[in-house]
Every structure is written in C-alpha cells, then in structure tokens.
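To start, the structure itself, in structure tokens.
The values are calculated or read from the model by the stated rules, or taken from the named source; none is laboratory data. If you're wondering where the values come from, they're calculated on a predicted model, not measured in any experiment. Don't worry about glycine lacking a Cβ; one is built from the backbone with ideal geometry, like all the others, and counts go over all protein chains shown. Calculation scope for accessible area: heavy atoms of the full protein, side chains included, ligands and nucleic acids excluded. Shrake-Rupley method; radii C 1.70, N 1.55, O 1.52, S 1.80 Å.
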Amino acid sequence: MVAAMIRNVFKRFLPVTVWLAVATVVVAAMADQAQRPPATAISAAPVARPPVGENSVRFLVLGDTGTGDRAQYDVAAQVWKTHLVFPYEFAIMLGDNIYKSDRPQDFARKFARPYQPLLDANIPFYASLGNHDDPNQRYYKPFGMNGQRYYTYQKTDVRFYALDSNYMDKDQQAWLERELKDSNAKWKIAYFHHPLYSSGAAHGSEIDLRTIIEPLFVKYGVNAVFAGHEHFYERIKPQKGIAYFTSGGAAKLREGDIQRTPLTAKGFDTEQSFMVVEIDGEVMRFQTISRHGLVVDSGEVARQVRPETQP
Amino acid sequence: MTILKGAGLIVAFAVLVAGCARAEQSSEPAPASASTVTPAGETPIPSVPPVGSPPPAPATAAAPDGQPGTNAQAAATVEFQDRIKAYLKVHNEAETKVPNLKRTDDPKEIYERQASLAKAIQTLRANAKIGEVFAPEYQPYFIKIVQDDFATRSARDRKAIISELPKNMKVDINTVYPTTLALATFPAALLQKLPDLPPELEYRLVGRSLILRDVKANLIVDILRDVVPTIPS
C-alpha cells in the first residue's frame, strides 16, 4: 500500500522535478555567461571620453606589448584613435616590451612600427622592464629609461617611479626608499611588471615583492600602482589605501584567466586592453579601453592623504 | 652539542652576510639625466673586508657532522668575493676593447655592442671552467641558502616560481644566454639572502641551476647545478 503510494508520487512529480533541475542548470549557465560576456556583449559600452581637467596630467598605460603580432597592431591603432579623443601626453610601459628575439629589427616590428603615430607626435615613452626584456633595453632612447633599470621622473605634481620588479635587490630598495622619502609630490605613482595583487590563475599575486616594497608604498604615500605580467585587465579593490591596477593585455591575452577573488573590483579577460589616465588635482580618473575601442572600466580614485606622509 | 651547532650556524651566517657587505661605490657614473628624469644610482661593487679589519671568528663553532664551520665559511666568502673581483677585471678589460655603451635611437648599436663585449669576454675567458666564480668552497652555502628559502615557501609559491623558470635549456659557461628565452624573475626574498653582486653581474635561475649572468654582455659567467629543489609530483 505504502509502496504503491510512493510509486504514485514519483510517477506524478518526478517529471516536474527533472524539468526543474534542468531549468535550474540552464539558468545558472546563462547567468554565468552573463557574468563573463563575450566581446560582442559589451558593444553597448561607450567609447573613450575626453579628459575633464584642463591642466591635468594625462598618460597612456600599456602592458605586455612586444609581440609584433596582429593583436598588438590592432591595439596600437586603437591607442592612437583614443589619443584623438583623450590627448595623453606620455606613455608608461609595464614591461615585456620586446618578447622573444630582440634583434634590431624586432625593436621596429614590436615597438617603433605599431606606435609610429605616437612617436611622430613626440609622445614620450617611459618603460619598465619585464621578465622577457633584456635589461640592455634601458639604452634604447625611445624607451625613455635614461640607461637605468629603475628611475623616477616628475610631471607637474605627480612623481612616477618605474621599477625593475624582475630583480628587486637591496640597492633598488634603498634607492626607492630614498626617492619616495625625498619627494614632496602631491601624487606618487609606481609602476613595474609584476602585480603585487592579482587574481590570475597563471601567475597570481607577487607576494615576495609585495612583502618588500608595499611597506615603502604605504609609509611614503604611494597613491596608485600599475603592473602588467598578467595578460588581462584587473582593478583590485584598494589595498592599504593604494589603488592597484593590472593592465598586461595590450597585445597578449590570457582569456578567462581571472579567477574572481575578493580582491577583484573589476576584471576583463576576454579581449586585449589598455588604459588612459588623468590626474586632476585631488582626483585620478581612469578609463580602460578594449582592442575594439570600448570602455570596459572607468572610474575615479580620490587622493589618499596619510598624515605621516604629509610634506 | 645541538645548541653549539645552532649557534655555529647563526654565527656562520652572520659572518657570511657581514662579509658580503659592500663598502665601495661603483665607478660607473650615472648618465646625465633628462630634464625631468632622475636616474637611479647603480649598485656598488661588493668588497672584501679591508685589510686590518677584524679576522673571521675562530672555528669554535665547527659543526660535527662534516659541515664547514665559521672559519671555513668566512674563508669561502672571501674566496667568492675575490673571484668576483677577478671576473670584473676581465669584464673591465673587455670593456676597453669595445665602444662605450651609450643611449641610442638605434637598437643595432646596442645589439652589436653587447655581442662585441660578449665575444671579448669569451676570448679572455676561453679556458673558463664551471666553478671558477662559484668557488667550490662556497657552493655548499649557496645551496643551503636556496634550499632553505624554498623550504620556507608554500607549495603553491614554490610551484609558481619553478613554473616560470626556463626549462630544457642547455646552459654552459661563457656562452650567451639565449635571447629568445625569458629571464625568469628572481624571487625577491631569496635575493635578499644571497651575497650582493656588482651591477655588472646578476643571479638568475634556469631550470634547477643558479647562474651568474653578465648583464651588459648577456653572458653566462658561471653555473651552480642542482640548486633548485624539485617539486614532488
């Protein structure tokens, strides 16, 4: 009697249960797909906007560029198009400037030719070294390194620190501390190849490096950090008052590599990308632009003032 | 005995670190800076403790299990630094035979200069042998430093480091580091523990080997094999 009742219940409700389960899986898959849209799904995103500040410091951020392949040239074309809307004054390079072979002709194919319009417009580049770069690139004038593996320069009230994260020896640390300490610049921006925080499956956060240099960034009031190495874009939730960006997909792409973690504020790993940034008084505004010219992330970072770092 | 051994190791390590402290400034001047660029300082050359400095600690801490004691380590440190200095003499002599390296718009100049310098050093060191700079007396300390460093790392961290190292690459001394291969990032914490090097040289890890690389010539100066531990599968 009881067995017959159970059989009856299963007979009546099982098909409904099965259909519900199937529907749940399909909806979940669709939701997952929606979270990670293909390149075409963001076609409604706006194109780059012009800078806001009249006298702001405007720069371009390029990471992991030097492949010499089609993707690099496509991104480079977009970089130049963006300049017409957002006239950045200079470019910072986050390393892996020349992949693999670095014969003289490679400097042309992997750098000078794709960025020819920028070079013709006298837009200076300030490169940092990646793990694929021969340190002797520092003698190549268009990279703006002045013969140094690590160096610093200032644009109005913004001081930039280009570091060599491949080889963080004691001398570089001492130099960094000295330069950070001696600067009264309103903004301090550091950039280098390896991200201190990353949700990338292939590499992840560079913890050794973070242990050594982040305390200096905190102590001496670095506001924002840009890194490459991971072939995607990721904006990290501010850490210890510092804004961290990874932008290592200006030619290479590691599609689907971001393993979203609590670190991630925004990730984009379905297309190559680059950034344009302006620093305008107390605000840093950024736009991240895809290979096809769509703005995939944008926002503002307010300048953090730490009492101990006040000049 | 265990306490004595421990104390001996601590003293030995302190002597190693102190012995590697540098006192001289690099003779290479920083190039003139552009209007907005402040160049970084180059790294100074490590020095042997000056004549008249206190002698190394006596060998009271000699380890009973065949490990070299304090005196042996101090001597090995001095030996390593002497060999670095000897290499720098060769490097500097080779530098006099090639045009000065300067900033240029023409990458060909950089490329040719690097190749010429490498060739000059290769000629001057035609009979170089493995262990010429990584003095045999010093090798156990290098191995211990690297292996101790890896032992403190998580499995994920070890895997991350090792996965980035160039593999299946045949390295030999006095040969050019293949330009098609990445120069794997040197783990920053490990770098803090190794003796300082002059700016002309750097440590790199290739496969399981620790190499000394001449930066300007892109030349492998010496190799210490089987230093990097293997990851258990």
Sequence-separation-based contact order of the stretch B:72-224, relative, with Cα cut under 8 Å and 6+ spacing, percent
26 percent
Nothing charged except the Cβ atoms of Lys and Arg (+1) and of Asp and Glu (-1): what's the magnitude of the dipole of the stretch B:72-224 about its Cα centre? Round to the nearest 20 debye.
380 debye
Net charge, B:Ile173 excluded, C-beta distance under 10 Å - Lys, Arg +1, Asp, Glu -1
-1
Accessible area buried between chains A and B, both sides summed, probe 1.4 Å, in Å² to nearest 100
4100 Å²
Kirkwood hydrodynamic radius of the stretch B:72-224 from all distinct Cα pairs, in Å?
16.5 Å
When Lys and Arg each count +1 and Asp and Glu each count -1, what net charge do the other residues less than 13 Å away from A:Ile236, Cβ to Cβ, add up to?
+1
At 1.4 Å probe size, with every protein chain present, just tell me what the per residue accessible area of the stretch B:72-224 comes to in Å².
41 Å²
Under 18 Å from A:Lys141, Cα to Cα: lysines that are on another chain or at least 8 residues apart
A:Lys110, B:Lys102, B:Lys108, B:Lys216
What's the carbon and sulfur percent of the stretch B:72-224's accessible surface, probe 1.4 angstrom, rounded to a whole number?
53 percent
Here the net charge surrounding A:Ile98, from other residues whose Cβ is less than 10 Å away from its Cβ (Lys, Arg +1; Asp, Glu -1), is -1
Over 31 Å (Cα to Cα) - which of A:Lys188/B:Lys89; A:Lys181/A:Lys237; A:Lys188/B:Lys144; A:Lys181/B:Lys119; A:Lys155/B:Lys159 fall in this group
A:Lys188/B:Lys89; A:Lys188/B:Lys144; A:Lys181/B:Lys119; A:Lys155/B:Lys159
Using a 1.4 Å probe, how large is the accessible area of A:Phe245, given in Å² and rounded to the nearest 10?
10 Å²
Computed over the Cα atoms, what is the radius of gyration of the stretch A:82-160 divided by 2.2 N^0.38 Å, N being its residue count?
1.11
Could you sort B:Thr123, B:Thr175, A:Thr288 by their accessible area in this structure, using a 1.4 Å probe and putting the largest first?
B:Thr123, B:Thr175, A:Thr288
Can you sort A:Met284, B:Met169 by 1.4 Å-probe accessible area, starting with the largest?
B:Met169, A:Met284
Binned at 10 Å from 0, what are the whole-percent values of the Cα-Cα distance distribution for the stretch A:236-282, short to long?
22, 48, 26, 4
